[in-house]
1. Report ³J(HN,Hα) in whole Hz for each residue of the stretch 247-257, in order, from the Karplus equation J = 6.51 cos²θ - 1.76 cosθ + 1.60 where θ = phi - 60°; Gly and Pro get x.
2. Residues with amide H under 5 Å of Thr168's amide H, sequence separation 5 or more or different chain, H placed in the peptide plane at 1.01 Å from N; which?
3. Using only alpha-carbon positions, what ratio does the radius of gyration of the stretch 202-297 give when scaled by 2.2 N^0.38 Å?
4. Show the residues, 5+ positions off or on another chain, whose built amide H is closer than 5 Å to the amide H of Asn183.
5. In which sequence would Asp69, Asp32 go, from the one with the fewest C-beta neighbours within 10 Å to the one with the most?
6. Compute the normalised compactness of the stretch 86-196: alpha-carbon radius of gyration over 2.2 N^0.38 Å, N being the residue count.
7. Which Rg and Dmax, in Å, describe the Cα atoms of the chain?
8. Hey, can you list the DSSP H helices of the chain whose Cα span along the axis is 24 Å or longer and whose average Kyte-Doolittle score is at least -0.5?
Amino acid sequence: MKIYSLILLAGVVFMTCGLAACTQSASAESMDVAGARDYCHSKVEKTLGVLSRDSVDYTMMPRNIAAGDSVWHCRKATPDEWCAGFWPGVLWYDYELSGDEKIREQAERYTASLGYLSRKPVFDHDLGFLIFCSYGNGYRLTGRDEYKDVILASADSLATLYNPTVGTLLSWPRNVEMLGGHNTIMDNMINLEMLFWAARNGGEHRLYDIAVKHAETTMNNQFRPDGTCYHVAVYDAEKGNLLRCMTHQGYADNSTWARGQAWAIYGYTMVYRETKDKRFLDFARKVTDAYLERLPDDYVPYWDFDDPTIPAAPRDASAACVVASALLELQGYCVPEEGKRYMDMARKMLVSLSGKEYRSADSRCSFLDHSVGHKPAGSEIDASIIYADYYYIEALKRLKDLES
Ligand code: GLY
């Protein structure tokens with residue numbers, strides 16, 4: 001009799017534990033979007049409160065918060081401050097999600113600080129990040145003609161970086177000599193979106209052609225057979241041939257820098273949306289799968305998948321935010337089974353990012369901690385960075401739309 005009781009007890013314990021494990025993985029897929037939206041809104045209000053303590057300078061944009069600090073370190077909205085469009089973009093998304101007119105007014109004011117960039121010669125490819133996150137979202141939500149004019153002028157300016165012999169935009173004009181040629185970085189994929197948009201909204205058709213050619217050339221030259229990418233490709237500007245592939249922000253030339261891979265996933269998903277060319281969808285799936293199979297258990301990548309100090313290496317929450325947002329779009333282009341796999345992964349990433357490990361403490365103005373900006377340069381390591389918050393709130397907005 002005793003032995004039967006023991007077996008019964010063991011069975012109950014086993015079933016209870018099994019059920020608990022099951023409940024845990026099920027809850028990992030249920031993301032509290034409304035709660036996360038309210039959390040972001042409270043952090044936006046906190047930041048605005050801090051920024052308006054003295055007289056507000058709308059040209060100073062939140063950039064990062066180091067591990068021990070609580071308020072944003074701000075930088076001036078200049079052509080070489082590539083992150084200056086993300087804060088206005090966060091405000092536009094927060095306005096969209098909260099409906100708070102106070103936030104819209106702030107979004108307008110910060111956005112206006114970037115308009116002058118459309119009237120200057122382009123500094124580098126980041127003009128796309130600067131203008132499309134700010135004015136792009138502003139136009140999407142308000143339909144204002146003056147916003148459209150800024151985007152169209154910026155797209156024309158960005159296109160002056162195109163080299164038809166190479167077939168890509170020159171990402172960093174200032175680094176041609178240092179890198180030994182016409183350089184194109186993976187991040188540049190994101191800025192093709194402004195060219196596609198302009199071609200559809202009154203700009204010249206050649207902007208579409210440039211964006212497609214850039215995506216093709218990058219697809220052919222800047223990836224390894226397993227779907228992982230190189231951060232930088234260097235080309236002969238006169239002959240157009242590839243000279244070398246290398247890294248700038250990753251661990252090594254041959255390693256896979258997590259945010260570079262994230263830009264590739266987001267970029268090729270967007271290029272498929274704009275072209276409906278199946279080559280780009282297949283490629284987006286391939287680069288996505290290369291990323292997903294390298295992820296650690298909490299779905300937030302190490303800053304570089306090949307850092308030999310893993311598991312002691314820092315995570316990069318910003319890459320997880322970019323990918324979560326991209327997967328919420330990519331899932332809609334896939335067959336149901338694969339779409340569900342990407343959707344589940346996006347939810348798991350957002351649940352993890354919204355948990356206590358990555359969410360910033362109440363005392364901090366940011367949404368998220370644990371991003372890495374430029375590790376080889378020793379800059380922004382394990383920090384809050386504004387583009388992590390931008391892609392996080394964008395992903396929340398995309399998930400909300402899918403669930404409503
Ligand atoms: N575009 C630069 C970066 O991703 O850090």
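1. Taking θ as phi minus 60°, the curve returns 10, 10, 10, x, 6, 7, 3, 9, 8, 10, 6 Hz for the stretch 247-257.
2. The answer is Asn163.
3. Values: Rg = 14.1 Å, N = 96, 2.2 N^0.38 = 12.5 Å.
Compared with the compact-globule rule of thumb, the stretch 202-297 sits at 1.13.
4. Amide H neighbours of Asn183, under 5 Å, 5+ apart: Ser171, Trp172, Tyr235.
5. Placing the least packed residue first, the sequence is Asp32, Asp69.
6. 1.16
7. 22.0, 88
8. 2-27, 33-51, 258-275, 386-403
Readers should treat all values here as calculations from the given coordinates under stated rules, not as data from a laboratory. Here the structure is a predicted model, which is why all the values come from computation and not from measurement. Every residue, glycine as well, gets a Cβ built from its backbone with ideal geometry; the counts of neighbours run over all protein chains shown.
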